[in-house]
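Below is one structure, written out as structure tokens, with a few remarks after it.
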Amino acid sequence: MTTVLTFDGVRAFYDDALILDGLSFDVAEGESFALLGPNGVGKTTSLNAMFGIANLRGGTIEIGGRRLRGRAPHEAANLGAALVPQGRWILPTLTVEENLVIGTAPNRKGPWDLASVFDMFPDLRERRRSLGTQLSGGQQQMLAIGRALMSNPRVLLLDEPSEGLAPVVIDLLGDCLAALKAAGTSMLLIEQRLDLVTRLADRYAVLLKGETVAEGSIETTSADSLRELVGV
């Protein structure tokens with residue numbers, strides 16, 4: 001099976017502070033992989049290392065077999081990684097439709113365009129002329145996901161997608177992400193809610209102090225064991 005994302009012995013820093021110390025994992029095409037662990041252990045730093053926010057000083061990161069180390073920050077996006085960031089990062093002066101359009105990767109073909117995103121998220125179609133910041137929290141998260149899909153990514157990176165959302169909205173979000181998984185979307189999921197993780201992920205790795213301390217298959221790991229591993 002084709003590997004779409006590989007971390008191999010990654011060491012990442014903020015200034016001189018070591019955050020990731022030898023992180024290794026891979027995400028196969030069509031797979032959903034979860035990075036788990038308490039706050040502050042380096043999960044988001046793994047994404048930041050891809051986009052040049054954290055300094056990569058050891059190991060390698062590859063997207064679709066092409067190495068990222070030493071490349072400009074935008075290269076991760078050019079190679080097919082699309083980020084749904086913690087906090088959503090909706091551009092406040094743009095409409096819903098404009099926020100979506102800026103996510104387009106003109107040279108990458110695939111199933112996602114305005115029509116298909118609006119089919120996935122009908123609320124966005126109804127609010128397409130509204131400013132993105134006029135949406136509810138749940139609608140903004142759908143907008144952030146839709147914007148990432150507009151690039152027709154090789155791998156979708158989701159950083160705490162349920163954060164700050166009401167339970168009923170999280171259920172809807174889970175339905176949408178499950179549909180993406182069923183359609184073969186490759187995903188790297190960083191998420192604190194284990195019910196969402198067990199619904200969406202195929203495999204997982206647990207981080208502590210920037211290192212992998214456990215990994216395995218969601219199917220063969222009980223919910224109690226997973227909670228114990230993550231420490232919740």
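What the table below lists for this structure:
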{"read-out": "Which listed residue, of 213, 197, is within 27 Å of residue 137 (Cβ to Cβ) and out of contact with any Ser or Thr (no Cβ under 6 Å at 6 or more places or on another chain)", "value": "197"}
{"read-out": "Filter pass, residue 75 being more than 17 Å from the chain's Cα centre (by Cα) and at negative phi", "value": "no"}
{"read-out": "Qualifying positions in region 25-73 - charged (D, E, K, R), in a loop (DSSP other than H, G, I, E, B) and in contact (Cβ under 8 Å) with a residue 40 or more places away in the chain", "value": "29, 31"}
{"read-out": "Conditions (1) over 24 Å from residue 43 (Cβ atoms); (2) part of a loop (DSSP other than H, G, I, E, B): number failed by residue 151", "value": "(1)"}
{"read-out": "Residue match in region 4-20 (condition: over 19 Å from residue 57 (Cα atoms), at pLDDT 95 or above and assigned to a strand (DSSP E or B))", "value": "yes"}
{"read-out": "Long-range neighbours under 7 Å by Cβ, at least six apart or interchain, first residue closer than 22 Å to residue 178 by Cα within region 109-132, second of a type in the set (Val, Ile, Thr) and surrounded by 15 or more Cβ atoms within 10 Å (Cβ to Cβ)", "value": "124/96; 124/117"}
{"read-out": "Residue within region 174-197 that is assigned to a strand (DSSP E or B), surrounded by 14 or more Cβ atoms within 10 Å (Cβ to Cβ) and of a type outside the set (A, V, I, L, M, F, W, C) present", "value": "no"}
{"read-out": "Hits in region 115-129 - residues which are touching a helix residue (DSSP H, G or I) at 6+ places or on another chain (Cβ under 6 Å) and not β-branched (Val, Ile, Thr)", "value": "118, 121, 123, 124, 125, 127, 128"}
{"read-out": "Whichever residue in region 90-101 is in contact with a helix residue (DSSP H, G or I) (Cβ under 7 Å, 6 or more places away or on another chain) and in a loop (DSSP other than H, G, I, E, B) and, among such residues, is surrounded by the most Cβ atoms within 10 Å (Cβ to Cβ)", "value": "90"}
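Yes or no, residue by residue, for (1) loosely packed, with under 15 Cβ neighbours inside 10 Å; (2) out of contact with any Pro (no Cβ under 8 Å at 6 or more places or on another chain); (3) farther than 26 Å from residue 178 by Cβ; (4) of a type in the set (Ser, Thr, Tyr):
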residue: 11; (1), (2), (3), (4): no, yes, yes, no
residue: 14; (1), (2), (3), (4): yes, yes, yes, yes
residue: 17; (1), (2), (3), (4): yes, yes, yes, no
residue: 28; (1), (2), (3), (4): no, yes, no, no
residue: 35; (1), (2), (3), (4): no, yes, no, no
residue: 40; (1), (2), (3), (4): yes, yes, yes, no
residue: 49; (1), (2), (3), (4): no, yes, yes, no
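The values are calculated or read from the model by the stated rules, or taken from the named source; none is laboratory data. These figures come from a predicted structure and were not determined experimentally. With ideal geometry, Cβ positions are generated from the backbone for all residues, glycine too; neighbour counts draw on all protein chains shown.
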